[in-house]
Amino acid sequence: MRGLPHAALVLLSAALLSACAPKGIEDLKTFDHPGGDVRSGSLTYAQRPPAGGPHNALWQTCGVYDQPLYDEYAVATLARGAIWITYRADLPAEQRVNLRAAVKETPKLLLSPYPGQTSPIVLTAWNAQLALADAGDARVAAFLEAYEEGKTAPLQGAPCTGGFGGTR
């Protein structure tokens, strides 16, 4: 791809990433965020929670968090192929337990509350998002299966350990 202008490379990368996106999950939303846009400071995103776009160079360490995360670090983790599951603070404790059980075998994962989220639960991977009302929904497993390898992520295969481990 040597000799192609940067804009052409970005468009080609976005096309290749979206071609890898799984089909068939009802109500799945997909986006076209190219990778490689690393910035510092506070950023604004088109989706909340964000499903890709500019992000900090430092990523959020994968894990389960009881407090909200910085979008900029979480998006950097999405870029590394992780799945980010967010929930409203008023999600019943039983639903949170069900989410934790559903994701316990998913190594590249963030789980955290997300302030102001309209849906009770949102599953997010790079360029893909699914809003759900219930942790027992069969689409949780379908989403995890479709995106756990990070096929749509620009930094697929990069680790999500050793990053930022705090919360906002």
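The values are calculated or read from the model by the stated rules, or taken from the named source; none is laboratory data. Note that the coordinates shown come from a computational prediction; the quantities given were computed from them, not determined experimentally. Please note: Cβ atoms are built from the backbone with ideal geometry, for glycine as well, and neighbour counts cover all protein chains shown.
Within segment 72-116, the set of residues being over 19 Å from Leu144 (Cα atoms) and surrounded by fewer than 21 Cβ atoms within 10 Å (Cβ to Cβ) comprises Arg88, Ala89, Asp90, Leu91, Pro92, Ala93, Glu94, Pro115, Gly116.
This table checks each residue for (1) in contact (Cβ under 8 Å) with a residue 40 or more places away in the chain; (2) of a type in the set (D, E, K, R); (3) farther than 11 Å from Pro49 by Cα; (4) part of a helix (DSSP H, G or I).
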{"residue": "Arg96", "(1), (2), (3), (4)": "no, yes, yes, yes"}
{"residue": "Ala102", "(1), (2), (3), (4)": "yes, no, yes, yes"}
{"residue": "Glu105", "(1), (2), (3), (4)": "no, yes, yes, no"}
{"residue": "Leu111", "(1), (2), (3), (4)": "yes, no, yes, no"}
{"residue": "Thr118", "(1), (2), (3), (4)": "no, no, no, no"}
{"residue": "Leu123", "(1), (2), (3), (4)": "yes, no, no, no"}
{"residue": "Asp134", "(1), (2), (3), (4)": "no, yes, yes, no"}
{"residue": "Asp137", "(1), (2), (3), (4)": "no, yes, yes, no"}
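Could you grab me the full set of residues in segment 68-94 that are without any contact (Cβ under 8 Å) to a residue 60 or more places away in the chain and either at positive phi or outside any helix (DSSP H, G or I) (or both)? Lay out the reasoning, then the answer.
Taking segment 68-94 first, the residues without any contact (Cβ under 8 Å) to a residue 60 or more places away in the chain are 71-72, 74-75, 84-94.
Correct list: Trp84, Ile85, Thr86, Tyr87, Arg88, Ala89, Asp90, Leu91, Pro92.
Within segment 6-31, the set of residues being at pLDDT below 95 and of a type in the set (D, E, K, R) comprises Lys23 only.
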